[in-house]
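For reference, the structure is listed below as structure tokens.
Each reported figure results from applying straightforward, stated rules to the coordinates on display, with no laboratory input. What you see is a predicted model, and the numbers here were worked out from it, not measured in a lab. So basically every Cβ, Gly included, is an ideal-geometry build from the backbone, and we count neighbours across all protein chains shown.
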């Protein structure tokens, strides 16, 4: 059982950091392809990918975007956050097996509407930045602490 | 069998449109949650979602972003495209069962590095804009026409 906790707008501070770590697996790539419909062979067909500039299958760039989104929804500010805007610059490919760290930093707090701006940086196990961007969200005003939902079993 | 075709940089024209349609299912939401790790109860727990401003479970905002990414990878410019940047503004929630249309439009062609800018608009079955944004990509220079990879069976 994992507990999800949020930070309300009043609890957030400029410079506050939140991190979300995840290893990218073939399973993630297949499930992302199924969820989005993005069956681009660069992500699914090893023979095709070998002939591209990447030399091997890589993850969908937007799977990295999904990790950023997960970091915001689960870690900073966490449950109750409303997502307004996300900018993503895809700087390097994310490869299967990569150990990814999403690092969020609060860069602006706008009290009038509880808007929060976050710097978003995704790095791999070599400390290379694979995605850089920024997000604008509405932070929650009510404190939440809740059990993380359990996903149904998924078999591939 | 579906054929994937791309547009090379030289084939693209200002104002060119590409569309990608998809119905959002509970399955998509579960698979996206599993792929990203984003188990925010707003998307997975009907009782929790009923108490939020949305009144019911909604799709992850970034699942809509994944549909935009799929449209670029599969339709315009299609296979061989390199994703550089994506900006997304989440304007309205995407609900389970929504019939979504991603509409891409070529707004800028930069010959020196084959950069293409695309306006991205995601609408639902009521013609309401749920996501608006823009993308920068490197268009392919080689024509491709290939069979769409088949995903393995996924059971939930």
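Overview of values
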read-out: Least to most buried among A:98, A:38 (fewest other Cβ within 10 Å first); value: A:98, A:38
read-out: Chain A: angle of helix A:26-36 to the longest principal axis, Cα-based, in degrees nearest 10; value: 70
read-out: Label-to-label distance, nm, for residues given as residue A:10 and residue B:128 (7 Å Cα→Cβ offset); value: 3.2
read-out: At 7 Å out from Cα toward Cβ: residue A:156 inter-copy label distances (nm, ascending); value: 1.6
read-out: Pseudo-label separations to other copies for residue A:97 - Cα-to-Cβ vector, 7 Å, nm; value: 4.5
read-out: Residues B:126, A:45, sorted so that the one with the fewest Cβ neighbours within 10 Å comes first; value: B:126, A:45
read-out: Fraction of alpha-carbon pairs over 38 Å apart in the protein assembly as shown - percent; value: 9
read-out: In degrees, nearest ten, helix B:61-74 long axis to first principal axis of chain B (Cα); value: 30
read-out: Other copies of residue A:54: label-to-label distances in nm, shortest first, labels 7 Å along the beta-carbon direction; value: 2.8
read-out: Fully extended contour minus Cα-Cα distance, from residue A:17 to residue A:156, at 0.36 nm per residue; value: 46.5 nm
read-out: Cα-projected label distance for residue A:27 with residue A:119, points at 7 Å along beta-carbon direction, nm; value: 3.5
read-out: Centre separation in Å (Cα based) which lies between region B:25-98 and region A:48-63; value: 22
read-out: Order of A:83, A:20, A:115 - criterion: other Cβ atoms within 10 Å of each residue's Cβ, fewest first; value: A:115, A:83, A:20
